[in-house]
1. Count of lysine pairs in the chain with Cα atoms under 25 Å apart, counting only pairs 8 or more residues apart in sequence or on different chains?
2. Amide H of residue 354 versus every other amide H placed in the peptide plane: which residues, excluding those fewer than 5 positions away on the same chain, fall under 5 Å?
3. As I understand it, the value is the acute angle between the Cα axis of helix 46-62 and the longest principal axis of the Cα atoms of the chain; what does it come to in degrees, rounded to 10?
4. Given a cut-off of under 8 Å on Cα pairs at least six residues apart, what relative contact order in percent is computed for region 1-134?
5. Tell me, in nm to one decimal, what length is gained between residue 143 and residue 124 on full extension, where the rule is 0.36 nm per residue of separation less the Cα-Cα distance?
6. Exactly which GluC sites (Glu not before Pro) in region 356-429 are in a DSSP loop and have at most 15 other Cβ atoms within 10 Å?
7. Please give me the summed charge of the neighbours of residue 50: other residues whose Cβ is under 14 Å from its Cβ, Lys and Arg +1, Asp and Glu -1.
8. For the chain, what is the percent of antiparallel DSSP beta bridges, rounded to the nearest 5?
Amino acid sequence: MVTGTSLSAVFPLGSRVNERGRLEVGGCDTIEMAREFGTPAYVVAEDDLRTRARAFVQAGRDTGHSDFHVVFASKAFPCTAVLALFASEGLWCDAASGGELHLALEAGFHPERIVLHGNAKSEAELRMALRHRVGAIVVDNFDEIDRLARLVAEGELADRSDGQPVLVRVTPDVSGETHEKISTGQADSKFGFAIERAGEAIARLRAVEGLSLRGLHAHIGSQLLGLEPFRREAAEFAKLGDFPVWDLGGGLGVQYTEGQPSPPSIEEYVSTIVESAHANGMGPETRLLIEPGRALCANAGVTLYTVESVKQNVSRWVAVDGGMSDNMRPMLYGAPYEAHVADRLGGATQCVLAGKHCESGDVILREALLADPRPGDVIVTPATGAYGYAMANNYNGVPRAPVVFCRDGDARVVVRRERHEDLTARDVS
C-alpha cells in the first residue's frame, strides 16, 4: 500500500508544508531548491519512486504468482538515475528504441530483464537487441518477422543455443476510457497485429530457426482509471492458444489534480491482472509481465518555475520561465494539472498559467487558482514525473531543465541543466 503524504495524492509521498509555509519535497524546501538549482527544474522524491516500485513487487508476491515481473516503461522517465534506481529494486525495463535500450543497459539492467518494443524497429535496433540477447523482442508486424529471420540467419544472435525470445504484440480490440492519442488497444491501431492476423504471425515466428516464441503482448492504452478493460484483454489473449508468457502491458492511470477521480490502487490493479490471467487459463507456473510507466513515477515529481510577469488582459496572465519545452502534455492532450505558489499553497486568484514560448498554445494551465502571484514567485506543478523530461525539447532555443533527486533533506542534481553551448554542440562546420 502506497501511503505517507500529508498533502493531496498528486504530490510526492512525504511532501509537506513546513513551518515557514513552504512546500517541501523529499525533505527539501522547494524555494531553496529553486535558488540553488534554478528554474525550471524537475524535482523528484527518490523515496517515492522506491516506495511505488516496492508496492508493485509486493503486490505481485501477494497474489502467489511466483513468476510475476514488473517492467518499467522507460519512455515515461528515461533518465539514467531513475532507471538505475528501478534496476536496484529488481524491476525489468521496457525499451521502445535503441536509445532507450542503451540507457537501460548503461543504468545496470541485465539484458535478460529488458523487453524491446516498437512498431517501426530499425535493423540497427534489432541487431543491438539480438547481440545483447534481450529478455524479449516484442514483434509488431510481418516485415519485422522477415527482418529478424534474415538477421538471425546472418549470425547476429549472441547465443543461438536457446533462441532469441520473442512475443507477439496483438491488438485485442479492447480500449479503455482515455485520450484518443494514448489509446492503443482498439482494432485500428498503429501497434501490433490485428487479432484475426495474430495466428498467422504466431505460425511464421514458430517457423524461424533461432527465434523462440514465448507468448503474447498487448498494451490497451494509458491513463486508465478502470479495471474492466484489463479483464477483457486477458479474455482475448486466451482465444489465441496456450503460451508460457503473457505480457499485459501497462496503463494504470494516476491522479493529476486533487479533483480528479482516484485511480485503482496498485494492489487492486495487480490482483486484477493476475486473477484475470488465472481465470483465462494461465497457471501458476507461467510468466506474467506488466509494464507500468506513469504509475511508478508521475506523482514522484514536481516541476518548479519562476514567475517572470503578471498582466491583466481579459484574463490574468501569469507567465513563467518554462512551458512547452519542459511539459508538452497540456498542449498535446489537453492534460490537466494544478499549480501552486510554493510558499502559498492554495489560492483564489484565477489565472492563466502560461509558458515563455512563442506560441499562443503554450499554456500549462488555463484555469489556475493561485495565491496573489507576483514576479519572482516560485510556482510548483505536481505530478510531472512522467513524460515531462521524456518529451523535453529545445523550442525557442531554451536549454532543457535539470533533474534533481531529493531524499531526507538532501538534494542532488542527477541530470545537469543544458547550457547555451549545448545547443551548438552537434553542429558540423
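1. Lysine pairs satisfying the spacing and distance rule in the chain number 8.
2. 318, 319, 320, 364
3. It is inclined by approximately 30 degrees.
4. Taking the mean separation of contacting Cα pairs over the length of region 1-134, I get 15 percent.
5. Additional length available on full extension: 5.4 nm.
6. 359
7. Around residue 50, the surrounding residues sum to -2.
8. 45 percent
Every number here is computed from the coordinates shown, using simple stated rules; none is lab data. What you are looking at is a predicted structure, and each value in this text was computed from that prediction instead of being measured. Backbone-built Cβ (ideal geometry, glycine too); neighbour counts: all protein chains shown.
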